[in-house]
Structure formats: structure tokens, C-alpha cells
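Undergrad: Before anything else, here's the structure in question.
The values are calculated or read from the model by the stated rules, or taken from the named source; none is laboratory data. The model shown is predicted, which means the values in this text are computed figures rather than measured ones. Cβ atoms come from the backbone with ideal geometry, glycine included; neighbour counts cover every protein chain shown.
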Amino acid sequence: MVKDKMEKERIVPLAGGQRFVAEAPILIVACGQDIKYNRGGYMGGLSMLVDVAIAVDHLTLAARAEGLGTCWIGSFDNTRIKELLKIPHDFNVVALVPLGYPKGGFSETGPRKKLEEIVCEGYFK
């Protein structure tokens with residue numbers, strides 16, 4: 001978790017220049033370590049991505065329930081962020097998550113697809 005304004009400012013160019021990364025009061029840098037488990041028999045070293053993704057997903061849902069805003073950021077320079085924050089070599093950054101109260105509040109989402117358009121029952125259509 002990064003709270004220091006200057007540290008967050010240093011991360012902005014490492015996150016594709018996305019300014020709001022530094023504007024949030026807290027920036028969560030979600031990291032994972034290879035758990036040496038081969039999920040599904042094919043994921044190998046990428047298995048830890050599943051665990052961290054679940055944790056970040058729960059974090060974003062819990063934050064919203066508390067009136068906080070988040071944004072899952074996947075555009076970042078893993079190597080340079082690890083160097084900047086002194087993250088051990090056997091860990092990798094999976095996501096950046098700014099956390100705070102949204103400036104303009106929350107807006108309602110637009111129209112959603114019908115469930116039948118995104119869910120298959122029984123077999124893949």
C-alpha cells in the first residue's frame with residue numbers, strides 16, 4: 001500500500017501516465033509470489049495470478065460496499081515498480097488499485113446485456 005504522494009507520483013509514468021493513480025489517497029500494489037502450484041494442470045507459474053485476482057476482486061467489491069471507489073489497473077511496468085518499491089525479485093505486481101472517494105460520486109452503469117447473451121447453459125454456444 002502506497003500513501004506517500006511523491007511515491008505515487010513516481011508510479012504514474014510506470015502506469016501508462018494515468019494521473020488518477022497519484023490522486024487517490026491510497027494506492028494498493030497487489031503482488032503475488034509463485035506458489036509452485038499448477039492449477040488446472042496447465043497454469044504453472046501463473047497460478048498465483050488467480051489468487052491475487054480473487055483478492056483484488058473482493059477488495060473492489062468490499063470498497064464499493066463502503067462507499068469507496070477503485071479501479072483495477074493492469075497497465076504498468078512490473079520491473080520498474082518492483083525496483084521503485086523494493087519488491088523482492090520472486091514477487092510480481094499483478095494489479096494497481098487506487099482507493100478513495102470518487103470526485104464526482106458514483107454514476108449508474110449503462111444498459112446491460114441480457115443474461116442469455118453472456119451465459120451458456122449446459123454447453124458452450
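Undergrad: Identify all residues within region 1-13 that are part of a helix (DSSP H, G or I) and within 24 Å of Leu68 (Cα to Cα); write none if there are none.
TA: The answer is Lys5, Met6, Glu7, Lys8, Glu9, Arg10, Ile11, Val12.
Undergrad: Then there is this: What pairs come up if the first residue lies in region 14-25 and is surrounded by 15 or more Cβ atoms within 10 Å (Cβ to Cβ), the second is of a type in the set (Asp, Glu), and their beta carbons are under 7 Å apart, counting only those six or more places apart or on different chains?
TA: What qualifies is Leu14/Asp77; Ala22/Glu9.
Undergrad: How many residues are closer than 17 Å to Thr70 by Cβ and part of a strand (DSSP E or B) if we restrict to region 86-108?
TA: 8
Undergrad: If you don't mind, another one. Any idea which of (1) over 25 Å from Gly105 (Cβ atoms); (2) among the polar types (S, T, N, Q); (3) modelled with pLDDT of 95 or more is the one Gln33 doesn't satisfy?
TA: (3)
Undergrad: What about Pro102, is it farther than 23 Å from Ser47 by Cα and modelled with pLDDT of 95 or more?
TA: no
Undergrad: Any residue in region 81-101 that is among the acidic types (Asp, Glu), at negative phi, touching a Leu at 6+ places or on another chain (Cβ under 8 Å) and in contact (Cβ under 8 Å) with a residue 12 or more places away in the chain?
TA: Checked against the condition, which is being among the acidic types (Asp, Glu), at negative phi, touching a Leu at 6+ places or on another chain (Cβ under 8 Å) and in contact (Cβ under 8 Å) with a residue 12 or more places away in the chain, region 81-101 yields no hits at all.
Undergrad: Which one is farthest from Gly69 (Cα to Cα), of the residues in region 27-49 that are surrounded by 15 or more Cβ atoms within 10 Å (Cβ to Cβ) and either of a type in the set (S, T, N, Q) or out of contact with any helix residue (DSSP H, G or I) (no Cβ under 6 Å at 6 or more places or on another chain) (or both)?
TA: Residue satisfying both the conditions and the ranking: Ser47.
Undergrad: Restricting attention to region 53-85, which residues are in a loop (DSSP other than H, G, I, E, B), closer than 16 Å to Val12 by Cβ and over 12 Å from the mean Cα position of the chain (by Cα)?
TA: If the condition is that a residue be in a loop (DSSP other than H, G, I, E, B), closer than 16 Å to Val12 by Cβ and over 12 Å from the mean Cα position of the chain (by Cα), then Asp77 is the only one that fits.
Undergrad: So, one more: What about Leu27, is it closer than 19 Å to Lys3 by Cα and either outside any helix (DSSP H, G or I) or among the β-branched types (Val, Ile, Thr) (or both)?
TA: So Leu27 fits the description; yes.
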